[in-house]
Amino acid sequence: EPPGKYQVRVCRGTACHVNHSDEILRALSDHLGVGVDETTADNRFTLQVVACMGACSLAPVVVVNDETLGRMTAEKAWAALEHLDEEDA
């Protein structure tokens with residue numbers, strides 16, 4: 001299965017974990033309707049987890065393709081993806 005247009009990686013390293021990256025992962029999974037390493041039916045998003053992005057000072061971190069988004073919350077992460085979705089419409 002090819003990856004989606006947007007590869008969404010949620011960091012699960014120690015700094016991100018203690019800053020609730022699990023909540024971000026759960027929210028994105030719920031919103032997108034996919035689990036880890038799955039791609040949405042429209043092939044737009046692939047949800048992944050990574051052990052560490054090396055951006056601990058920005059924890060929690062979500063990376064969309066090559067863009068690092070720091071100090072994320074579940075709401076901010078979803079808003080960032082919604083913005084991408086609107087750009088493609």
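Would you point out the residue of the range 52-84, among those that are within 10 Å of the chain's Cα centre (by Cα), of a type in the set (A, V, I, L, M) and part of a helix (DSSP H, G or I), that is farthest from His31 (Cα to Cα)?
Ala80
Consider Asn19 carefully, then state whether it is open to solvent by 60 Å² or more (accessible area, probe 1.4 Å) and polar (S, T, N, Q).
Taking the combined requirement at face value, the residue satisfies it.
For the range 18-51, enumerate the residues that are part of a helix (DSSP H, G or I) and either among the β-branched types (Val, Ile, Thr) or in contact with a helix residue (DSSP H, G or I) (Cβ under 8 Å, 6 or more places away or on another chain) (or both).
Val18, Glu23, Ile24, Arg26, Ala27, Leu28, His31, Leu32
Keeping to the range 1-11, report how many residues are touching a residue at least 40 places away in the same chain (Cβ under 8 Å), open to solvent by 50 Å² or more (accessible area, probe 1.4 Å) and not in a strand (DSSP E or B).
Number of matching residues: 3.
Looking only at the range 1-26, count how many residues are touching a Ser or Thr at 6+ places or on another chain (Cβ under 9 Å) and of a type outside the set (D, E, K, R).
12
Give the range 22-75 a look and list any residue that's open to solvent by 40 Å² or more (accessible area, probe 1.4 Å) and small (Gly, Ala, Ser), or say none.
Within the range 22-75, Gly33, Ala41, Ala51, Gly54, Ser57 qualify.
The values are calculated or read from the model by the stated rules, or taken from the named source; none is laboratory data. Model, not experiment: these values are computed from the prediction. Cβ coordinates were reconstructed from backbone atoms using ideal geometry, including for glycine residues, and neighbour counts include every protein chain displayed. Accessible surface areas use protein heavy atoms only, side chains included; no ligands, DNA or RNA. Shrake-Rupley method; radii C 1.70, N 1.55, O 1.52, S 1.80 Å.
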